[in-house]
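> Encoded as structure tokens, here's the structure I'll be asking about.
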Number of protein chains: 4
Amino acid sequence: MYNTFGNVFRFTSFGESHGKGVGGIIDGCPPGVSIDMEYVRRELGRRRPGQSALTTPRSESDEVEFLSGIYEGRTTGTPIGFIIRNEGQRSHDYDELRAVYRPSHADYAYRQKYGIRDPRGGGRSSARETAGRCVAGAIAKIALGGSRITVRAYTSQVGSIRLEGSYKDFDLGLTETNPVRCPHAATASEMEALIRDVQSQGDTIGGVVSCVIQGAPAGLGEPVFGKLHAALAHAMLSINAAKGFEYGDGFDAAHYRGSEHNDAFFSDNGIIRTRTNYSGGIQGGISNGEDIYFRVAFKAVATIRRAQETVTETGEETLLTAHGRHDPCVLPRAVPIVESMAAMTLLDYLLMQKAK
Amino acid sequence: MYNTFGNVFRFTSFGESHGKGVGGIIDGCPPGVSIDMEYVRRELGRRRPGQSALTTPRSESDEVEFLSGIYEGRTTGTPIGFIIRNEGQRSHDYDELRAVYRPSHADYAYRQKYGIRDPRGGGRSSARETAGRCVAGAIAKIALGGSRITVRAYTSQVGSIRLEGSYKDFDLGLTETNPVRCPHAATASEMEALIRDVQSQGDTIGGVVSCVIQGAPAGLGEPVFGKLHAALAHAMLSINAAKGFEYGDGFDAAHYRGSEHNDAFFSDNGIIRTRTNYSGGIQGGISNGEDIYFRVAFKAVATIRRAQETVTETGEETLLTAHGRHDPCVLPRAVPIVESMAAMTLLDYLLMQKAK
Amino acid sequence: MYNTFGNVFRFTSFGESHGKGVGGIIDGCPPGVSIDMEYVRRELGRRRPGQSALTTPRSESDEVEFLSGIYEGRTTGTPIGFIIRNEGQRSHDYDELRAVYRPSHADYAYRQKYGIRDPRGGGRSSARETAGRCVAGAIAKIALGGSRITVRAYTSQVGSIRLEGSYKDFDLGLTETNPVRCPHAATASEMEALIRDVQSQGDTIGGVVSCVIQGAPAGLGEPVFGKLHAALAHAMLSINAAKGFEYGDGFDAAHYRGSEHNDAFFSDNGIIRTRTNYSGGIQGGISNGEDIYFRVAFKAVATIRRAQETVTETGEETLLTAHGRHDPCVLPRAVPIVESMAAMTLLDYLLMQKAK
Amino acid sequence: MYNTFGNVFRFTSFGESHGKGVGGIIDGCPPGVSIDMEYVRRELGRRRPGQSALTTPRSESDEVEFLSGIYEGRTTGTPIGFIIRNEGQRSHDYDELRAVYRPSHADYAYRQKYGIRDPRGGGRSSARETAGRCVAGAIAKIALGGSRITVRAYTSQVGSIRLEGSYKDFDLGLTETNPVRCPHAATASEMEALIRDVQSQGDTIGGVVSCVIQGAPAGLGEPVFGKLHAALAHAMLSINAAKGFEYGDGFDAAHYRGSEHNDAFFSDNGIIRTRTNYSGGIQGGISNGEDIYFRVAFKAVATIRRAQETVTETGEETLLTAHGRHDPCVLPRAVPIVESMAAMTLLDYLLMQKAK
């Protein structure tokens, strides 16, 4: 519980926005995995602030230092500790927030929970914490790679601009070619324009990330409470600003009849497959060998450069206008985090399945 | 992991559709809670097959026998074991299914996972298993009652018939007055008509359950991986046929701007509250004292009385027409299960918060 | 935590001495294991009260009913629920104990912990609960058998009568040939005489059980907090009346020098082995392929037929003389329980090692 | 499992002897606890190598850097990450060990488990890892201090020199007045002389640490598998070189009769207490308010400066003579580690008891 994710492959996270740094411990990583450090850095870079005009202008170099568990380039099976030092914090940006609860932020809830809170940049509730997840996710992706399992996410909606169609309709290799991380260039341009417009108004906007996992073998998932999609839902909704999760045809499934929605089995040269995949690759909570795909909804970033009604810690009503450097839209940077959480979940379930 | 749900209040489940019975062990229930056995039976009855013309005609009396943990009507703090015996199974209904994978059922995935499966009525993957959850949920509801926390769900969509509006617009006391469990009589009638129509065609239909938790104190939720809504998502997506979860304004949040979506704080005679509640009562993964509400999408029941293309265990293609007694729509019976899982989650988090 | 034991192979226990029965749920058992029901019954019978003149004369038939998880004689990978109904309880034996704390029993501690307790026969703290462990242990032994791992325990000390020598000095096949479960006939006779003498005086006596695990592969154990011997210690000290645990040369190791105690490695026709085995088959918390052996100390049964000073629930001092039917010595019946806990631990660690 | 200890108060550890450093993450620490950094440093210093002539001459300054979870001197309830950098390693000391399995070390077992190992100084199996435990233990002690619970350990045996008597017979305030950490000056001198003698012969020696916990309320402990003494046993046997654990009268209990061993209750001015305390403050796995005391056996350090028979990784027999800088006796430095593990266990159980 608490700050640990996973059952066999387990990631325990620490760190706040304006403390010494963020990081964590990866436990249960299989031994003997060769770690490509350049790949890990690149993955972490995909989440890095300041990577484009669409993200916060905060400059963070985000260098990860591995502290243990890797010897001569390979994992040893022992815990992999790591840290990403914080830098470039401007705590004075937050001075005025010490005693004020920012609307739709975690400030008030943390205060009620712990009776104390670190007000600098949201402290533990800051998305800064997800940097550690990207490192753990990169390690998981490398380990999954050995099993030929790939995890790819992309921005499929920003505000009301929605990329219609399935992941199959796009070349996901193009996702990284634009700052929005949408594999369809024209839609990406529209999204980008919307984000810039919203940003110019001191506002923020929500959206949706879609993700597909390919190459996963049938048999992953632990009935009844450890259903694979339940674990993915848990993983995705642990990401800051996430508001909803659906897999396969998700909420649309509510509209359909069994005769429309069922996935017929057929024999594909001796391999059992389904003609359609409304199930999203998971049946009864267990993977069936088809592609696993799902969508995650994100709300708009809560910090806006506009006056908002709120109260102070002592209960007095006040107006608050934020001045910090924030993203106008989390979607572009949420893509690698969605992938990281998905990769950790898949690797965890792959290892659990081995313990039979 | 596996068949245990929860951290402090923990429910471990056992049982298959056509074995001796289903049941479980509730561990970590607070001591000294008076258990109203009639209430538990009523709650279990809400999930019972054969309760109306809209559900499967299978007759199950569903008598729960408590085996331990309750002494002179009160919980003792020790594990509460219980069993609900199976009865009225007609295994021969399933004889023809022994070697055939039913489309969009868990048959194939279980076989791939375990290399063996109990083919009678879906075995462990049957919704029969949820009877145990209703017992554990009833116990959780009783324990929550002492803290004045209520959990109420209702059917808000069947196929494309959708109850527009918020839970606040309806008298949830009316939910149990119709077999669909929709608190709005006219919509309930429409839903009922649709289900009967679908049923007459040998087909099935999906829908959505909405749920609201009221009276929960601020401070429940365990950042970062134990966010309260992540736990609720996990809980809901562990229910058979669930396809999606959203809390607060959920997927709609993707459309909104921060300035539209943020919940302003104000002082309500000294109590800090929010003017709107798009957050769904949870901010940063922690309850803020407002109502917690969420929606769960369910697909149509996979078993239909129509010929479907599929394959046998030996890989031969075949046609399958089901003859068993199944629900045309899971929604009415899903309502108490959603409540049960929500109640268990809330009680678990309430107890975790005490361990500070 | 609480009433669940194990990580992958997990046993959750329920039940009290004078409730409906005791039992549990075995989760994570590998699928496809053929269960010899006669073997399970025999193993349970080894723990049964009334099996000899050395044990309590309470008559319990101890029939186990399996409720799930086994189909056509083989495990399916789903949870195995089971119950052993209580019978022959004479609750009136305990009427006088309702308001009195029995010395060195758990009565007072339970009352302080939960604020409520089931006074009949010790309730949850009764050794009756271990019947469930023997069922789970029997299943674990069967599963281990497929890997040629054996677990054998025996009584090595009763009071001051101690069987000198190592497990290698005895034919452990003789353990079941006498009611004390000591593999050395002459010592067994002495132990038996001592127990009868103690019993005739209305008293009880403690002792030691020794156990050896053979055939375990090298590599089992999870550093640093999941060391194999730490898990075994936890398992053994969870047994009622256990007071101490040591493995290898245990407390004797305190006396030795490194030069005396180290186990030299040598090559046994290409297989690396150790010349001595003071390590008890575990080095750095991980099995090294040698025999794993350990000892568990048990105190005398707390219930004696003699007047003892104590207090009532309301704090008044009183004298108490027990009249119930109790064992004069737990050792003979502790042997199968030690084996059961050891077997569950080993199987759990064997499965964890597969998840690499 | 694996590298995490505890249920509510959880410590996850990382680090190897010759990597970047050791450290960990403390999760579940109560918020608002004032951390005296000087105290933490002192506690860590008690474990530090080179503190006296009786320990390894390796020089380690052991500076702990806290990375998160503490704000303005107080815990915030969020994870406390920390690191102690390694320094002064002389990896060349270990060059010759790369391909050789040191007798009674973990080298061979790790290799069998993971198929790979970090040979420098034992890697993860080095006692260097316990530095992190001392930091977590110091935090736990501070938190326990608020509940007036104290944990004190001392060396009670070195080789065959044994301090006779109970913890009550000594002034434990004297424990830190000599390098052996024995509260009885004359015995301490004898122990010290023995250790020096053994050291001069290039050898090592084992011993016993005794520990007493005072001030713990009645009611701590989680039946049946979470018995308080079972958790303590697990904790103690997770310490390097530990071979046995006993609480109360432990293995001696085997000799006694119930009439001798039972602890009579009496009313001490309205407070229920026991006249004797053979139970060691724990009955039925739950604390009863009396002092909790136990003993832990340690073997001699495996590294000796004498030629020993062993084999190489490739299976060839060879002779090995160690040249590294090692302790002749772990006991003096084991004392603070025993205290740390005991403090973490107690705090964990105290917090669990709150979740009722």
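The values are calculated or read from the model by the stated rules, or taken from the named source; none is laboratory data. Nothing here was measured: the structure is a model prediction, and the numbers come from that model. All Cβ positions, glycine included, derive from the backbone under ideal geometry; neighbour counts span all protein chains shown. In case anyone asks, the SASA skips ligands and DNA or RNA and just uses the protein heavy atoms, side chains included. Shrake-Rupley method; radii C 1.70, N 1.55, O 1.52, S 1.80 Å.
> Using the structure shown, decide if residue B:15 is surrounded by 15 or more Cβ atoms within 10 Å (Cβ to Cβ) and at positive phi. Spell out how you get there, then give the answer.
Numbers: surrounded by 15 or more Cβ atoms within 10 Å (Cβ to Cβ): yes; at positive phi: yes.
So residue B:15 passes the test.
> Going through the stretch A:253-274 one residue at a time, which ones are more than 7 Å from every other protein chain (Cβ to nearest Cβ), touching a strand residue (DSSP E or B) at 6+ places or on another chain (Cβ under 8 Å) and open to solvent by 80 Å² or more (accessible area, probe 1.4 Å)?
Kept after step one, since they are more than 7 Å from every other protein chain (Cβ to nearest Cβ), are these residues of the stretch A:253-274: A:260, A:268-269, A:271, A:273-274.
Remaining after also requiring touching a strand residue (DSSP E or B) at 6+ places or on another chain (Cβ under 8 Å): A:273-274.
Correct list: A:273 only.
> Specify the residue that is surrounded by the fewest Cβ atoms within 10 Å (Cβ to Cβ); the eligible residues are those in the stretch B:286-312 that are more than 7 Å from chain A (Cβ to nearest Cβ) and not in a strand (DSSP E or B).
Result: B:307.
> Could you list, in sequence order, all residues of the stretch D:254-274 that are outside any loop (DSSP other than H, G, I, E, B) and over 30 Å from the mean Cα position of the chain (by Cα)? Lay out the reasoning, then the answer.
Going residue by residue through the stretch D:254-274, those that are outside any loop (DSSP other than H, G, I, E, B) are D:254-255, D:257-261, D:265-268, D:271-274.
Matches in the stretch D:254-274: D:257, D:258, D:259, D:260, D:265, D:266, D:267, D:268, D:271, D:272.
> I would also like to ask the following. Which of the residues that make up the stretch D:135-154 are among the β-branched types (Val, Ile, Thr), open to solvent by 20 Å² or more (accessible area, probe 1.4 Å) and either in a helix (DSSP H, G or I) or more than 19 Å from residue D:295 (Cα to Cα) (or both)? Quick ask: steps written out before the conclusion?
Of all residues in the stretch D:135-154, those among the β-branched types (Val, Ile, Thr) come to D:135, D:139, D:142, D:149-151.
If we keep only those that are open to solvent by 20 Å² or more (accessible area, probe 1.4 Å) as well, we get D:142, D:150.
Selection gives D:142 alone.
> Let me ask another. Could you tell me whether residue D:177 is touching a Lys or Arg at 6+ places or on another chain (Cβ under 8 Å) and either facing chain C (nearest Cβ under 8 Å) or modelled with pLDDT of 95 or more (or both)?
So residue D:177 fails the test.
> May I pose another question? Specify the residue that is surrounded by the fewest Cβ atoms within 10 Å (Cβ to Cβ); the eligible residues are those in the stretch B:18-59 that are under 19 Å from residue A:225 (Cβ atoms) and of a type in the set (Val, Ile, Thr).
That would be B:26.
Conditions tested, residue by residue: (1) modelled with pLDDT under 95; (2) assigned to a helix (DSSP H, G or I).
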| site | (1), (2) |
| --- | --- |
| A:55 | yes, no |
| A:83 | no, no |
| A:87 | yes, no |
| A:123 | yes, yes |
| A:133 | no, yes |
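> Listed residues A:157, A:214; which is buried (at least 21 other Cβ atoms within 10 Å of the Cβ) and either touching a Pro at 6+ places or on another chain (Cβ under 8 Å) or farther than 30 Å from residue A:81 by Cβ (or both)?
Details: A:214 fails: buried (at least 21 other Cβ atoms within 10 Å of the Cβ).
Result: A:157 is the single residue among A:157, A:214 that is buried (at least 21 other Cβ atoms within 10 Å of the Cβ) and either touching a Pro at 6+ places or on another chain (Cβ under 8 Å) or farther than 30 Å from residue A:81 by Cβ (or both).
> Regarding residue D:282, is this residue touching a helix residue (DSSP H, G or I) at 6+ places or on another chain (Cβ under 6 Å) and modelled with pLDDT of 95 or more?
Working: touching a helix residue (DSSP H, G or I) at 6+ places or on another chain (Cβ under 6 Å): yes; modelled with pLDDT of 95 or more: yes.
So residue D:282 passes the test.
> Please go through (1) crowded, with 24+ Cβ neighbours inside 10 Å; (2) out of contact with any helix residue (DSSP H, G or I) (no Cβ under 6 Å at 6 or more places or on another chain); (3) aromatic (Phe, Trp, Tyr) for residue C:247 and return the number of the only condition it doesn't satisfy.
Result: residue C:247 passes all but (2).
> Looking at (1) assigned to a helix (DSSP H, G or I); (2) modelled with pLDDT under 95; (3) of a type in the set (Asp, Glu), which one does residue C:129 not meet, given that it meets all the others?
Every condition holds for residue C:129 apart from (2).
> Sort out which residues of the stretch B:14-37 are out of contact with any Ser or Thr (no Cβ under 8 Å at 6 or more places or on another chain) and facing another protein chain (nearest Cβ under 7 Å), and write them in order of number.
Selection gives B:28 alone.
> To continue, here is another question. With the requirement that a residue be touching a residue at least 40 places away in the same chain (Cβ under 8 Å) and either farther than 21 Å from residue B:252 by Cβ or away from chain B (no Cβ under 14 Å) (or both), what does the stretch A:181-210 give you?
Result: A:181, A:192, A:196, A:199, A:202.
> Say whether the condition of being touching a residue at least 40 places away in the same chain (Cβ under 8 Å) and in a helix (DSSP H, G or I) is met by at least one residue in the stretch A:239-253.
yes
> Where residues in the stretch C:104-121 are assigned to a helix (DSSP H, G or I) and in contact (Cβ under 8 Å) with a residue 24 or more places away in the chain, which of them is farthest from residue C:62 (Cα to Cα)? I'd like the intermediate steps shown before the answer.
Filtering the stretch C:104-121 for residues assigned to a helix (DSSP H, G or I) gives C:107-114, C:120-121.
Then drop every residue that is not in contact (Cβ under 8 Å) with a residue 24 or more places away in the chain, which leaves C:111, C:120-121.
Values: C:111: 29, C:120: 19, C:121: 17 Å.
The residue in question is C:111.
> Sort out which residues of the stretch A:166-202 are surrounded by fewer than 19 Cβ atoms within 10 Å (Cβ to Cβ) and of a type in the set (Val, Ile, Thr), and write them in order of number.
Result: A:177, single match.
> How many of the residues making up the stretch B:303-345 are over 20 Å from residue B:158 (Cα atoms) and in contact with a His (Cβ under 6 Å, 6 or more places away or on another chain)? Please lay out each step first, then the result.
As a first pass, look at the stretch B:303-345 and keep what is over 20 Å from residue B:158 (Cα atoms): B:306-325, B:340-345.
Imposing the further condition that a residue be in contact with a His (Cβ under 6 Å, 6 or more places away or on another chain) reduces the set to none.
The qualifying residues number 0.
> If we scan the stretch B:188-202, do we find a residue that is outside any helix (DSSP H, G or I), of a type in the set (D, E, K, R) and at pLDDT 95 or above?
Start the filter on the stretch B:188-202 by keeping residues that are outside any helix (DSSP H, G or I), which leaves B:201-202.
Checking which are of a type in the set (D, E, K, R) leaves us with none.
No - not one qualifying residue is present in the stretch B:188-202.
> Taking the condition basic (Lys, Arg) and more than 7 Å from every other protein chain (Cβ to nearest Cβ), does residue A:47 pass? Even if it seems obvious, please write down each step before you answer.
On the way: basic (Lys, Arg): yes; more than 7 Å from every other protein chain (Cβ to nearest Cβ): yes.
Considered against the rule, which asks whether it is basic (Lys, Arg) and more than 7 Å from every other protein chain (Cβ to nearest Cβ), residue A:47 comes out as yes.
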